[in-house]
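Single-structure report; data block below.
Read the figures in this text as sums done on the coordinates, not as results from a lab. Since the structure is predicted, the reported quantities are computational estimates derived from the model, not experimental observations. All Cβ positions, even for glycine, are placed from backbone atoms using ideal geometry, and neighbour counts span all protein chains on display.
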Amino acid sequence: MPSERIQRQIDRILDEAEAALAKYDWESVTQHALAVQALDANNEDAQTYLEAAKRSLKGGTSSEIADDISTQTKHAPSPDQPTSFADGRYQVKRFLGEGGKKKVYLAHDELLDRDIAFALIKSEGLDDVSRERITREAQAMGRLGSHPHIVTVLDLGEQDGQPYMVIEL
């Protein structure tokens, strides 16, 4: 088990890998995942990213890769897993994964009848400045509109004092 200091570095690198993944920059995803494995050889997220990058670089379709990532990062639901968010609008189907800054759930938007990714942002250590930065980043992503290399932000809000983002799946 890595120390708290090393775990912070791992979380930062995984966040960068996640950003590269959103851009389908598989070379960068590979580099970041290898850096994580250098710090923690048994890190499951790094292994998942490496496998996805390997499949992609061999020519897998983006939907096959997304399905594989979803399957591999699927975790058993915990007893404290929420069943819904935003007063029942987003019904949780399953827990997809957790990084240093957020927990992500596969959910169904009952209002618009579509599956989405619900990212519950961890609020430990978040001050007002950090919360404002999250809002500005989500607004900037939302203004970009639909783009094949950028995940679209569909909604932004707060659940029991924790900020959340709803993004396309």
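Contact map, region 144-169: first residue in contact (Cβ under 8 Å) with a residue 12 or more places away in the chain, second residue of a type in the set (Ser, Thr, Tyr), Cβ cut-off under 6 Å, separation 6 or more or different chains; pairs are His149/Tyr24; Thr152/Ser146; Gly157/Tyr164; Gln162/Ser123; Glu168/Thr152. On the stretch given as region 146-169, residues that are over 18 Å from Asp127 (Cα atoms) and in contact with a Ser or Thr (Cβ under 7 Å, 6 or more places away or on another chain) total 4. At least 2 residues being hydroxyl-bearing (Ser, Thr, Tyr) and either in contact (Cβ under 8 Å) with a residue 24 or more places away in the chain or crowded, with 18+ Cβ neighbours inside 10 Å (or both) is the threshold, and among the helices (runs of 4 or more DSSP H) wholly inside region 1-60 those reaching it are 44-57.
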